[in-house]
Amino acid sequence: MKCLLVDNSNTRTKFALCAEGGEPEIRMMRTADITPQSLCDITRGWHYDKVCICSVVPWAAQLIEQFCAGAPVIKPGPETLDMINFKNYPGMATLGADRMVNAAAAVHEVGLPLVAVDMGTATTFDVVVEREGSPCFVGGVIAPGLCSMMDGLHGCTAQLPVVKTWQSAPVIGRNTQEAMGAAMRVGYPAMVDAILDAIEEEIGAEIHVVLTGGDAEAVSAGMRRECKISPLLTFRGIALALGQSL
């Protein structure tokens, strides 16, 4: 049986065709480019029996669901991710499906208590602890993503540029590009470390951290804390909603 896993996020949408225990074939497109025709193009040649759509973009999710209507479509939620107890989290009405699947997948990657950090358009920190012998989702943190932070500076000012290269920026920038790059290379990883330190202090126990998302590798290089990097974390969580492993 082959399954189509869809990770529909704000900037990019990824599609993975997979069979139980096999390596997924992954294709990607800009979310803004999603149309019935582009969906037909990106899935050309793929045949699948089930679909699971994890979305934080309602209009795109609707188009994808309509396109995949020939197969059973499942959406991740507390009922399909029952390896975690979400019942005691008061904000369920606004909890994104991406955060749910990341938390569920992280339980299979590292020990408890854990924080799953997804570094994309937004950077989300999702906390799972052990309560009454089972994993329990207790909340988290949402921060601007690395690129969103820089895009915000560019978009909200008259002269600050878009920064493309920042990994080698000196701490004291010798021009505007380097000065902005310093905040990305030094400041952003320090922010992530500080948030993780504060989470650890609040729950009163050493945490295990797993990172995913497009900026995970680059940001982790500047972090003090050692973390596990799991590029397929979100897809693994989507697969769990189908009762499969990836």
Problem - Full-extension gain in nm, GLU206 to MET83, via 0.36 nm per residue minus C-alpha separation - result: 42.1 nm
Handout entry: Residue-normalised accessible area of the chain, expressed per residue, 1.4 Å probe, Å²
Key = 49 Å²
Exercise for the section: Take the chain, compute every pairwise Cα distance, and split them into 10 Å bins from 0; I just need the percent in each bin. Expected result: 7, 30, 32, 22, 8, 1
Practice task
Apply the Debye scattering formula to the range 144-186, with a single equal point scatterer on each alpha-carbon and no solvent, then give log10 I(q)/I(0) at q = 0.15, 0.32, 0.33 Å⁻¹.
Solution key: -0.30, -1.18, -1.21
Handout entry: Approximate shape of the range 94-222 as ellipsoid semi-axes (Cα gyration tensor, √5λ), whole Å, largest first
Key = 31, 15, 11
Exercise for the section: Measure off, as a whole percent, the carbon and sulfur share of the 1.4 Å-probe accessible area of the chain, all protein chains present. Expected result: 53 percent
Problem - Residues of the range 103-138 with amide N under 12 Å of a point placed 7 Å along Cα→Cβ from ARG12 - result: 119-121
Exercise for the section: For the range 194-246, state what percent of all Cα-Cα pairs lands in each successive 5 Å bin, counting from 0 Å until the bin that includes the largest distance. Expected result: 4, 18, 21, 19, 17, 14, 7, 0
Exercise for the section: Compute the relative contact order of the range 112-187 as a whole-number percentage, counting only Cα pairs closer than 8 Å that sit 6 or more residues apart in sequence. Expected result: 19 percent
Handout entry: Reachable aspartates and glutamates from LYS75, criterion Cα separation under 16 angstrom, eight or more residues apart if same chain
Key = ASP7, ASP49, GLU65, ASP98
Exercise for the section: Filter the GluC sites (Glu not before Pro) in the range 17-66 down to the DSSP loop ones having no more than 15 other Cβ atoms within 10 Å, then list what survives. Expected result: GLU20
Fill in the blank from the handout: The orientation-averaged projected area of the Cα convex hull of the range 1-74, in nm², is 4.4 nm²
Practice task
Could you work out which residue, out of VAL210, VAL51, VAL138, moves most in a Gaussian network model of the chain, that is, has the largest mean-square fluctuation with Cα springs under 10 Å?
Solution key: VAL138
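The values are calculated or read from the model by the stated rules, or taken from the named source; none is laboratory data. All figures in this text were calculated on a predicted structure; none of them were measured in a lab. Cβ: placed from backbone, ideal geometry, glycine included. Neighbour counts: every protein chain shown. The protein model used for the area step is the full one, side chains on, heavy atoms only, and it has no ligands, DNA or RNA in it. Shrake-Rupley method; radii C 1.70, N 1.55, O 1.52, S 1.80 Å.
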